[in-house]
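Have a look at the structure below, then the notes.
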Amino acid sequence: MSIFEQLSSYDHEQVVFCRDESVGLKAIIAVHNTSLGPALGGTRMLDYPSEQDAIRDVLRLSRGMTYKAAVAGLDLGGGKAVIIGDPSMKTEAMFRAFGRFVDTLGGRYVTAEDMNTTVEDMGNIRRETRWVTGSEAAHGGSGDPSPVTAWGVFHGIRACLEVTYGSPELAGRTVAIQGVGNVGFWLAKYLHDVGAKLLYTDVSNKRLARVTEAFGGKVLEGDEFYRAEADVLAPCAIGGIINPRTIPMLRAPIIAGGANNQLDDEKRDGEALSQKNISYAPDYVINAGGLINVYSELKGYGREKAMQDAANIFDTVKRVINKAKVEGTTTAMSANRVAEERIAAVHRLKRVYLPKG
Ligand code: NAD
């Protein structure tokens, strides 16, 4: 497939190839859609097996950001960037050179941290452009997004409970969390604060000890997570865990957690969940708190405002699940439609004439 065929298959606006041999920089910036606002998305650094893999990744990820921002109701488009190379070889000059390329886009693309890039890397980009988020909290940045992400997940869980049981009340409900790292730990805290019963699984005994010491609860081993007699399963670890092997084990009526790409195959596994009458909160809808957090940075960051905005995920999740019911589709498809309808509606806005003076 030619590069332009690839751009049209994902419907991209613009892709920029950046090279600066003097610092070993090879990067690609993909601006997927700016109908709703500047294309925001992180920069990841990876030693891709081939340039084709890097192109595929940046196109796929930037498109995902468009949908995420649109469903979350943000005035943001979708973008993403990749730096091709071994992360252990990164330098200040490389990220500054990359920052200069970001600057040439004049704010059409705004970058952030992602896989293998850090707050320090964002600091180096910031020396060359203001179109960057994710700097240290001490320097006016938004800091660790996990408490905000978990807060959004918490409200998404409440929305699922309301749809399933008619009440968002968490006291006495059982939630099983897979992965008690940054997001999972904060989620456990919020759930514990309102009297939910907690079950956990993690591959790290240290993480499990930390969460049980803080909030009590019970540890699940291996596949016990999938078989748990819980009200909610909250995947907060890795992707692909909802698949043909695990779906037959599921007993909980709700899946709502922070992990990315929970469904191994969006269509196949989304339909299998619908058939089992399991309410699935699409991952990119319920975990948008991290994006909401960096978005607030563009407006002059305040953690309180970011938390308030993340709480709106309650309404978004409810809307997506109810729309799926009405339209007889999966929640994942319904979320995509919400995004596409909002983008199309805003895209159609007419320019109105304003007389000067
Ligand atoms: P993290 O690395 O801090 O935590 C992940 C936890 O999962 C760790 O404790 C790890 O030991 C555990 N884990 C790994 N493999 C596991 C397995 N097979 N079974 C059980 N536990 C396992 O990561 P995080 O920042 O908490 O992110 C968790 C997920 O949420 C990721 O999918 C991430 O992409 C997604 N996410 C995070 C944010 C954020 O703000 N941090 C925002 C959006 C999405």
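The values are calculated or read from the model by the stated rules, or taken from the named source; none is laboratory data. All values reported here derive from a predicted model rather than from experimental measurement. Ideal geometry is used to build each Cβ from the backbone, glycine not excepted, and the neighbour counts take in all protein chains shown. When the accessible area is computed, the model is the full protein with side chains, heavy atoms only, and any ligands, DNA or RNA have been set aside. Shrake-Rupley method; radii C 1.70, N 1.55, O 1.52, S 1.80 Å.
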The rounded separation in angstrom of the Cα centers of segment 255-270 and segment 1-79 is 22 Å
Estimated distance in nm for a label pair at MET89 and SER22, the labels positioned 7 Å out from Cα along Cα-to-Cβ: 1.9 nm
Tell me the relative contact order for the chain as a rounded percent, counting alpha carbon contacts under 8 Å between residues six or more apart. 15 percent
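Between exposed trypsin sites (Lys or Arg not before Pro) in the chain, where DSSP calls loop and at most 16 other Cβ atoms lie within 10 Å, what's the longest gap? Write down the numbers at each step before the final one.
Working: sites that count: ARG127, ARG130, ARG245, ARG251, LYS276, LYS299, ARG348, LYS350, ARG351, LYS356.
In the chain, the maximal stretch lacking such sites is 1-126.
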In debye to the nearest 20, how big a dipole does segment 245-357 give about its Cα centre with +1 on each Lys and Arg Cβ and -1 on each Asp and Glu Cβ? 480 debye
Would you pull out the residues with amide H under 5 Å of VAL132's amide H, same chain only if 5 or more places away, H placed 1.01 Å from N? THR111
Work out the length of the dipole vector of segment 192-275 about its Cα centre, built from +1 on the beta-carbon of each Lys and Arg and -1 on the beta-carbon of each Asp and Glu, and round it to the nearest 20 debye. 180 debye
Let me know the shape class of segment 24-153, please: from the alpha-carbon gyration tensor, a ≥ b ≥ c as square roots of the eigenvalues, rounded when a/c is under 1.5, otherwise prolate if a/b is greater than b/c, or oblate. rounded
Among SER135, PHE215, ASN260, pick out the residue whose Cα is farthest towards the positive end of the charge dipole of segment 133-277, where Lys and Arg carry +1 and Asp and Glu carry -1 on C-beta, about the Cα centre. PHE215
Please name which of TYR67, VAL338, VAL203 has its Cα lying farthest along the dipole of the chain towards the positive end, using unit charges on Cβ (Lys, Arg +1; Asp, Glu -1) and the Cα centre as origin. VAL338
Summing -39500 (n - 2.57) over the DSSP H runs of n ≥ 4 in the chain and dividing by its residue number, what mean residue ellipticity at 222 nm do you reach, to the nearest 500 deg cm²/dmol? -14000 deg cm²/dmol
Please compare each pair in LYS218/LYS305; LYS305/LYS356; LYS80/LYS299; LYS189/LYS318 to a cut-off of 29 Å on the Cα-Cα distance and tell me which ones are over it. LYS218/LYS305; LYS305/LYS356
Tilt of helix 331-347 relative to the longest C-alpha principal axis of the chain, in degrees (0 to 90, nearest 10)? 40 degrees
Charge sum, other residues only, whose C-beta stays under 14 Å from ARG245's C-beta, Lys/Arg counted +1 and Asp/Glu -1: -2
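First compute the accessible area of segment 180-255 with a 1.4 Å probe, then give the percent of it belonging to carbon and sulfur atoms. List each step's numbers first, then the result.
Details: 1840 of 3600 Å².
On segment 180-255, the fraction of accessible area on carbon and sulfur atoms equals 51 percent.
Hey, what's the chain come to in accessible area per residue, 1.4 Å probe, Å²? Intermediate values should be presented prior to the final figure.
Numbers: 16510 Å² over 357 residues.
Counting only protein heavy atoms, the per-residue value for the chain is 46 Å².
Relative to the compact-globule scaling 2.2 N^0.38 Å, provide the ratio for the alpha-carbon radius of gyration of segment 160-204. It would help to have the intermediate numbers written out before the result.
Values: Rg = 11.2 Å, N = 45, 2.2 N^0.38 = 9.3 Å.
With N residues counted in segment 160-204, Rg over 2.2 N^0.38 Å equals 1.20.
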Any residue on another chain or 5+ positions along whose placed amide H is under 5 Å from the amide H of GLN14 is listed here as VAL31
Rg/Rh for the chain to two decimals, with Rh computed the Kirkwood way over all alpha-carbon pairs. 0.98
Anisotropy class of segment 146-226 from Cα gyration tensor, a/c 1.5 cut: prolate
With a ≥ b ≥ c from the Cα gyration tensor eigenvalues, square-rooted, and the rule rounded for a/c under 1.5, otherwise prolate when a/b > b/c and oblate otherwise, segment 49-93 is oblate
Could you pull out every one of the aspartates and glutamates with an alpha carbon less than 17 Å from that of LYS276, ignoring same-chain neighbours closer than 8 positions? GLU229, ASP231, ASP264, ASP265, GLU266
Rounded to the nearest 20 debye, what is the charge dipole size of the chain about its Cα centre when +1 sits on each Lys and Arg Cβ and -1 on each Asp and Glu Cβ? 920 debye
